[in-house]
Amino acid sequence: MTIDLANPDLYTTDARFDMWQEYIRSDAKVWSEPGISPSGFWSVFSHSDVSAVLSPKAPFTSEYGMMLGFDAEHPDNSGGRMLVVSDGSWHSVLKRLIGPFLSRLRAPELQSVLQQEVKEIIERLRSEDSTDIALGVGPRLPAAVVCEVLGVPLSEREQLIELTNHAFGGEESSFDKMTPAVAHAEILFYFHELIERRQKEPGPDLVSALLADGRLSTEDVLINCDNVLIGGNETTRHSITGAFHAFQAFPGTLDALRCDPALTDRSVEEVVRWTSPAAHVLRVATEDCEIGGQEIREGQAVVAWLSAANRDERLFPEPHHFVPGRTPNRHLGFGTGPHHCLGAALARLELRELLSQLATEARGVEPRGTVRWMRSNLVQGYSSLQVSIDWR
Ligand code: HEM
């Protein structure tokens, strides 16, 4: 029997965890015929196969695109221009330009923004009997951080945060006549204006730095702002929502964190592993090669299922359990190799602030509805997580 692993319906229930476990135990490499994705593609699941595909020396490229739907015959037209779908020297140029704005060095500046945002989230949670975390909480923090990184002026921030929430699934009621795709287009339109302003009046922000370099066209600056926008929002908000899911599914975790704050950093890693919001990344083989005994031909697409590898029991005993102090925890949630997440330090900072404030204020998280997963093969995320909080 062949299975189309691009089918988003496969990812709307917990059954996917059993499917991956079976594939990993049998060391499977699965070929999906052309279907939802226009050409066929290989899938790999185990930690070792996924690491092999993404390793710096592996003969694979991201330039045709890095997600299902793209391949050698249907390339992403941002390939070779946008950071995440560029390789070689241009990738290095972009990484050097964008990296400093997303690095740990930004932590001191961002800390006060984060503290305030988390404080407001907690106040809001306290004011409601029950809350849908996927809509009301998850999107807020990442959107604020991305605004900060891109240098969106304070007076325009609230509007952009709301648009971002709407574009990436938060459904702001004030935009009820706008589809999420239109909201994303509105954001790009806003960036276009911001770029024009920064051309005249540069500031200490990412947009100004990309312009000042002189090697990027205005369109390239726009495309790369979009990379940071999507990279920063699509994934982090589901990790944040997923942290609440973990506290709900594993009672006592918040107490453990409160008693031993030193557990917080390890718990942040466990949140990223357990939630694995980036479900897959795709690569195209640049020459005939072999992965875990499977021959891959030049030009064929290979999908590395990060969310499966992060539940590989050979690396993670009791992989479905959320273990706050899990060590070692060599998860692949941020990918690995040359495209390892450039925003990982910021994502960690966001999660750390949330976990420490929540552990101080809350005893537990209780379900108030069924967990609803997004219908997506790309983002392992939540369309709804209705909970109420047991406050201290
Ligand atoms: C790349 C996951 C947060 C910006 C990646 C990749 C993954 C990932 C798996 C690798 C893509 C590939 O190999 O093709 C995550 C997760 C996050 C997160 C799980 C949160 C829990 C962020 C944040 C930002 C960001 C907060 C920025 C504000 C980027 C960028 C890249 C990237 C710019 C491209 C790096 C490159 O191609 O060199 N992310 N990400 N990410 N991420 Fe993240």
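Just so it is clear, none of the values below were taken in a lab; they were calculated from the coordinates. These figures come from a predicted structure and were not determined experimentally. Reconstructed Cβ throughout: ideal geometry from the backbone, glycine too, with neighbour counts over all protein chains shown.
Through the Karplus equation 6.51 cos²θ - 1.76 cosθ + 1.60, θ set to phi - 60°, convert the phi angles of region 61-77 into ³J(HN,Hα) values in whole Hz; use x for Gly and Pro.
10, 9, 5, 7, x, 10, 8, 4, x, 10, 6, 4, 8, 10, x, 6, 6
Taking the Cα centroid of region 267-286 and of region 310-369, what is the distance between the two, rounded to the nearest whole Å?
If we compute the Cα centre of each part, the gap is 11 Å.
Search the structure for amide H atoms under 5 Å from the amide H of residue 384, placed 1.01 Å from N in the peptide plane, and list their residues when 5 or more places away or on another chain.
Correct list: 372.
Hey, can you grab everything whose amide H is under 5 Å from the amide H of residue 362? Only 5+ residues off in sequence or another chain; H modelled, so Pro and N-termini drop out.
Correct list: 392.
Springs between alpha-carbon pairs under 10 angstrom, Gaussian network model over the chain: which of 97, 257, 83 fluctuates most?
In this elastic network of the chain, the residue with the biggest mean-square fluctuation among 97, 257, 83 is 97.
Give the calculated FRET efficiency between residue 360 and residue 113 to the nearest 0.05, with a Förster radius of 22 Å applied to their Cβ-Cβ distance.
0.70
If all Cα-Cα distances of region 308-366 are sorted into 10 Å bins from 0 onward, what percent lands in each bin, rounded to whole numbers?
18, 39, 37, 6, 0
Sequence neighbours fewer than 8 away in the same chain don't count; with that in mind, list the lysines whose C-alpha is under 23 Å from residue 57.
Partners within reach: 29, 95.
Please give me, ordered by residue number, the GluC sites (Glu not before Pro) of region 241-315 that lie in loop per DSSP and have at most 16 other Cβ atoms within 10 Å.
Taking region 241-315 and a limit of 16 other Cβ atoms within 10 Å, the loop GluC sites (Glu not before Pro) found are 287, 298, 313.
Could you tell me which residue out of 321, 303, 86 lies farthest along the dipole of the chain toward its positive end? Charges go on the beta carbon: Lys and Arg +1, Asp and Glu -1, centred on the Cα centre.
Among 321, 303, 86, the one farthest towards the positive end of the dipole of the chain is 321.
May I ask you to sort 259, 289 by Cβ crowding, counting other Cβ atoms within 10 Å and putting the fewest first?
259, 289
Would you pull out the residues with amide H under 5 Å of residue 299's amide H, same chain only if 5 or more places away, H placed 1.01 Å from N?
285, 286, 287
Identify which of 267, 217, 43 has the largest mean-square fluctuation in a Gaussian network model of the chain, with springs joining Cα atoms closer than 10 Å.
Fluctuation is largest for 217.
Can you list the HN-Hα couplings for region 209-220, worked out from phi with the Karplus curve (6.51, -1.76, 1.60; θ = phi - 60°), rounded to whole Hz and with x for Gly and Pro?
Per residue, the Karplus-derived 3J(HN,Hα) values read 5, 5, 5, 5, 4, x, 8, 9, 6, 4, 5, 5 Hz.
How big is the gap, in Å, between the Cα center of region 19-39 and the Cα center of region 75-131?
31
Taking neighbour Cβ counts within 10 Å as the exposure measure, how do 164, 179, 370 sort from fewest upward?
Placing the least packed residue first, the sequence is 370, 179, 164.
About the Cα centre, and with charges only on the beta carbon of Lys, Arg (+1) and Asp, Glu (-1), how big is the dipole of region 8-391? Nearest 20 debye, please.
740
Calculate log10 I(q)/I(0) of region 277-351 for q = 0.16, 0.25 Å⁻¹, where I(q) comes from the Debye formula with a single equal point scatterer on each Cα and nothing for solvent.
Evaluating at q = 0.16, 0.25 Å⁻¹ gives log10 I(q)/I(0) of -0.74, -1.25.
Could you work out the relative contact order of region 8-391, using alpha carbon pairs under 8 angstrom and six or more residues apart, expressed as a whole percent?
27
Got a sec? Charge dipole of the chain, +1 on Cβ for Lys and Arg, -1 for Asp and Glu; which of 284, 136, 48 is way out at the positive end?
Of the candidates, 48 comes out farthest on the positive side.
Picking from 26, 208, 155, which is most flexible by a Gaussian network model of the chain using Cα springs under 10 Å?
Of the options given, 155 has the highest mean-square fluctuation.
Sort 228, 50 so that the residue with the fewest other Cβ atoms within 10 Å of its own Cβ comes first and the one with the most comes last.
Least to most surrounded, the residues fall as 228, 50.
With N denoting the number of residues in region 8-391, provide Rg(C-alpha) divided by 2.2 N^0.38 Å, to two decimal places.
0.97
Could you give the alpha-carbon Rg of region 180-294 over 2.2 N^0.38 Å, rounded to two decimals?
Ratio of Cα Rg to 2.2 N^0.38 Å: 1.54.
Please list 3J(HN,Hα) in residue order for region 139-149, calculated via the Karplus relation 6.51 cos²θ - 1.76 cosθ + 1.60 where θ = phi - 60°; whole Hz, with x for glycine and proline.
So the J values, rounded to whole Hz, are x, 4, 5, x, 5, 5, 5, 5, 4, 4, 5.
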